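K.L.:
Following this message is one structure expressed as structure tokens.
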Amino acid sequence: MRRENGILARVKGVVRSTWMIWAFGLFIISSYGDSPAWWQRRGVIDTTRQVDDYGSINQGQLKNLALGAFLEWETSLPDGAGSAVFALIETWTQLNDDGQRVSKPAQSTQDYALANLGQLKAVAEVFYARLIELGVCSAYPWQTTGAEDYALATIGQAKFLFSFDLGSVNSTNDPNGNGIPDWWENRYPNVPFKLGGGAAESVFVSMEPSRQK
């Protein structure tokens, strides 16, 4: 069996299923389309770079994307990002003296190694399990047939999986039109809705670990 590189290979529960084969271009998120504001707020995109959604994503970029999502959830949700997401992020980051999350020195040696679909899904699975627990969605966004997990993952595929926006309010998640998603009302009935959505120009997944709190 081929050996996976880096810290991502140690993530438990890798989904051993084929990536869903979508129509050409579906994974592209337009540089002018709606994308979650937290991408820019958490420093996981670089709006000065050219869109390269078909380019391969490396492990450092994937970890940075996951870290950004964790930081957003940890500060936005009343009960934080959740224990499983926290445990995942703890495998490759630590708090520095200023209380900021930075990469553990020993875990950065494979950051430029390319990530495969199995590794991408292993990381995303932890976040989608939390989304399912919150009631934001009801299933993972991939099929369970075949065995293509060793194929290289692209930046567009990673952006597609991490395009969730808990601050989004629409007619689907807020059918009564009161400005609060149903999942929030069910999960946090006595907590004011404080998440904010918004659009950001999506371009390039940043190479460097986020230095934001």
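K.L.:
Return only the number of the condition from (1) of a type in the set (Val, Ile, Thr); (2) buried (at least 16 other Cβ atoms within 10 Å of the Cβ); (3) in contact with a helix residue (DSSP H, G or I) (Cβ under 8 Å, 6 or more places away or on another chain); (4) over 30 Å from Asn190 (Cα atoms) that Thr91 does not satisfy.
P.N.:
Among (1) of a type in the set (Val, Ile, Thr); (2) buried (at least 16 other Cβ atoms within 10 Å of the Cβ); (3) in contact with a helix residue (DSSP H, G or I) (Cβ under 8 Å, 6 or more places away or on another chain); (4) over 30 Å from Asn190 (Cα atoms), Thr91 violates only (2).
K.L.:
Which residue, of Lys194, Lys159, is at pLDDT below 90 and under 18 Å from Phe70 (Cα atoms)? Quick ask: steps written out before the conclusion?
P.N.:
On the way: Lys159 fails: at pLDDT below 90.
After ruling out the rest, the residue left standing is Lys194.
One line per residue, one yes/no per condition, for (1) of a type in the set (S, T, N, Q); (2) part of a helix (DSSP H, G or I); (3) under 30 Å from Asn186 (Cα atoms); (4) touching a residue at least 24 places away in the same chain (Cβ under 8 Å):
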| residue | (1), (2), (3), (4) |
| --- | --- |
| Asp53 | no, no, no, yes |
| Glu72 | no, yes, yes, yes |
| Phe86 | no, yes, yes, no |
| Asp98 | no, no, no, no |
| Ala106 | no, yes, no, no |
| Asp111 | no, no, no, yes |
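K.L.:
How many residues, within the stretch 42-91, are within 30 Å of Pro192 (Cα to Cα) and β-branched (Val, Ile, Thr)?
P.N.:
Taking the stretch 42-91 first, the residues within 30 Å of Pro192 (Cα to Cα) are 42-45, 64-90.
Checking the rest, the ones that are also β-branched (Val, Ile, Thr) come to 44-45, 75, 85, 89.
Result for the stretch 42-91: 5.
K.L.:
For residues that are surrounded by fewer than 18 Cβ atoms within 10 Å (Cβ to Cβ) and either of a type outside the set (Gly, Ala, Ser) or assigned to a helix (DSSP H, G or I) (or both), tally how many sit in the stretch 141-159.
P.N.:
Going through the stretch 141-159, the residues surrounded by fewer than 18 Cβ atoms within 10 Å (Cβ to Cβ) turn out to be 141, 143-148, 150-152.
Imposing the further condition that a residue be either of a type outside the set (Gly, Ala, Ser) or assigned to a helix (DSSP H, G or I) (or both) reduces the set to 141, 143-145, 148, 150, 152.
Looking only at that region, the number is 7.
K.L.:
In the stretch 57-68, is there at least one residue being buried (at least 21 other Cβ atoms within 10 Å of the Cβ), under 24 Å from Arg187 (Cα atoms) and free of Cβ contacts under 8 Å to residues at least 60 places away in the same chain? Please lay out each step first, then the result.
P.N.:
Looking only at the stretch 57-68, we keep the residues that are buried (at least 21 other Cβ atoms within 10 Å of the Cβ), and these are 57-68.
Of the ones still in play, those that are also under 24 Å from Arg187 (Cα atoms) are 66-68.
So of that shortlist, the ones also free of Cβ contacts under 8 Å to residues at least 60 places away in the same chain come out as none.
No; the residues of the stretch 57-68 include none that is buried (at least 21 other Cβ atoms within 10 Å of the Cβ), under 24 Å from Arg187 (Cα atoms) and free of Cβ contacts under 8 Å to residues at least 60 places away in the same chain.
K.L.:
Starting from the stretch 170-182, keep only residues that are free of Cβ contacts under 8 Å to residues at least 24 places away in the same chain and of a type outside the set (A, V, I, L, M, F, W, C), then list their pairs with residues that are in a loop (DSSP other than H, G, I, E, B) and exposed (fewer than 15 other Cβ atoms within 10 Å of the Cβ) whose Cβ atoms are within a distance under 6 Å, requiring at least 6 positions of separation or different chains.
P.N.:
Here the result reads none, with nothing in the stretch 170-182 linked to a residue that is in a loop (DSSP other than H, G, I, E, B) and exposed (fewer than 15 other Cβ atoms within 10 Å of the Cβ).
K.L.:
Sticking with this structure for a sec: Say whether the condition of being under 25 Å from Gly167 (Cα atoms), at pLDDT 80 or above, of a type outside the set (A, V, I, L, M, F, W, C) and touching a Phe, Trp or Tyr at 6+ places or on another chain (Cβ under 7 Å) is met by at least one residue in the stretch 37-47.
P.N.:
Scanning the stretch 37-47, I find no residue that is under 25 Å from Gly167 (Cα atoms), at pLDDT 80 or above, of a type outside the set (A, V, I, L, M, F, W, C) and touching a Phe, Trp or Tyr at 6+ places or on another chain (Cβ under 7 Å), so the answer is no.
K.L.:
Pairs, please: C-beta under 8 Å, at least 6 apart or cross-chain, first residue of a type in the set (Asp, Glu) and in the stretch 131-151, second in a loop (DSSP other than H, G, I, E, B) and at pLDDT 90 or above?
P.N.:
Qualifying pairs under 8 Å: Glu133/Gly82.
The values are calculated or read from the model by the stated rules, or taken from the named source; none is laboratory data. All values reported here derive from a predicted model rather than from experimental measurement. Cβ: placed from backbone, ideal geometry, glycine included. Neighbour counts: every protein chain shown.
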